[in-house]
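Here the structure comes first, spelled out in structure tokens, and everything after it is commentary.
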Amino acid sequence: NAGVTQTPKFQVLKTGQSMTLQCAQDMNHEYMSWYRQDPGMGLRLIHYSVGAGITDQGEVPNGYNVSRSTTEDFPLRLLSAAPSQTSVYFCASRRAGDRFGELFFGEGSRLTVL
Amino acid sequence: GESVGLHLPTLSVQEGDNSIINCAYSNSASDYFIWYKQESGKGPQFIIDIRSNMDKRQGQRVTVLLNKTVKHLSLQIAATQPGDSAVYFCAEGDHTGFQKLVFGTGTRLLVSP
């Protein structure tokens, strides 16, 4: 199993550009989520989904958009990139009914906004 | 690899030693706690969790201890190996679910051969 796959691993954007971070999982997990990780701070939840067609906001949703059209995929869209969105982004998934901390993370996408 | 968390507290141990990594949590209402391991350039990896109705839980070479009186959590790693070198961080939550987890910043564990 590939687990949780994120693309791209690295990306540099200019302020105002838009882009989509891709996340796919092959474990048939119902729950998927996006986090950002910044120096000196713990992971912060951006958006999450408890199933296809259902999404909700996390702690820091502003400037990001998500959709969940399939169980496997959960893309994160940056609408108009800002330097404050420079971060490492992690996608995670979990099977419904499992202990809710038992998240499976991707390897991350490092985004730099100039 | 990445360099998230440049100024993390660091614990240096020799291979074969036991390691103890500590975490203080803030919310008295938290009733669920998790430890994660993050190797350089990788995503976090679930290690072990514990609910507040327990004081201790053991896994393979790892033990988590919970002291609710002083809001303190520790992760003990027995016979530490070079492959254990990573950043370890805790998270706290409650019955409302994973979307309310609060993650710590972590401790870097360095294991020397």
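The values are calculated or read from the model by the stated rules, or taken from the named source; none is laboratory data. Because the structure is a prediction, the values reported are computed rather than measured. FYI the Cβ positions are ideal-geometry reconstructions off the backbone, even for glycines, and counts take in every protein chain you see.
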Given (1) more than 9 Å from chain A (Cβ to nearest Cβ); (2) in contact with a helix residue (DSSP H, G or I) (Cβ under 8 Å, 6 or more places away or on another chain); (3) of a type in the set (Gly, Ala, Ser), number of the condition B:GLY93 does not satisfy: (1)
Tally time: how many residues in the range B:37-48 are under 13 Å from B:TYR88 (Cα atoms) and at the interface with another protein chain (Cβ under 8 Å from one of its Cβ atoms)? 5
When you scan the range B:45-92, how many residues do you find that are under 23 Å from A:MET41 (Cα atoms) and among the charged types (D, E, K, R)? 4
For the range A:66-99, what are the residues that are at the interface with chain B (Cβ under 10 Å from one of its Cβ atoms), in contact (Cβ under 8 Å) with a residue 24 or more places away in the chain and either of a type outside the set (Ser, Thr, Tyr) or surrounded by fewer than 22 Cβ atoms within 10 Å (Cβ to Cβ) (or both)? A:VAL88, A:PHE90, A:CYS91, A:ALA92, A:ARG94
Cβ-Cβ below 9 Å, separation at least six or inter-chain, first residue in the range A:33-61 and within 10 Å of chain B (Cβ to nearest Cβ), second of a type in the set (Asp, Glu) and outside any strand (DSSP E or B): which pairs? A:GLN37/B:GLU2; A:ARG44/A:ASP38; A:ARG44/A:GLU59; A:LEU45/A:GLU59; A:VAL50/A:GLU30
Looking only at residues that are within 11 Å of the chain's Cα centre (by Cα) and away from chain B (no Cβ under 14 Å) in the range A:8-23, which one is surrounded by the fewest Cβ atoms within 10 Å (Cβ to Cβ)? A:THR20
If you scan the range B:12-33, which residues turn out to be modelled with pLDDT of 95 or more and of a type in the set (A, V, I, L, M)? B:VAL13, B:ILE20, B:ILE21
Within the range B:66-113, strands (runs of 3 or more DSSP E) holding 2 or more residues that are surrounded by fewer than 20 Cβ atoms within 10 Å (Cβ to Cβ): B:72-77, B:107-112
Given (1) more than 10 Å from chain A (Cβ to nearest Cβ); (2) under 29 Å from A:CYS91 (Cβ atoms), where does B:GLN58 come up short, assuming only one miss? (2)
The range A:44-59, residues that are of a type in the set (Val, Ile, Thr) and buried (at least 16 other Cβ atoms within 10 Å of the Cβ): A:ILE46, A:VAL50, A:THR55
Say whether the condition of being touching a residue at least 60 places away in the same chain (Cβ under 8 Å), part of a loop (DSSP other than H, G, I, E, B), in contact with a helix residue (DSSP H, G or I) (Cβ under 9 Å, 6 or more places away or on another chain) and acidic (Asp, Glu) is met by at least one residue in the range B:31-48. no
May I ask you to say which residue of B:THR69, B:THR80 is more than 14 Å from chain A (Cβ to nearest Cβ) and touching a Lys or Arg at 6+ places or on another chain (Cβ under 9 Å)? B:THR80
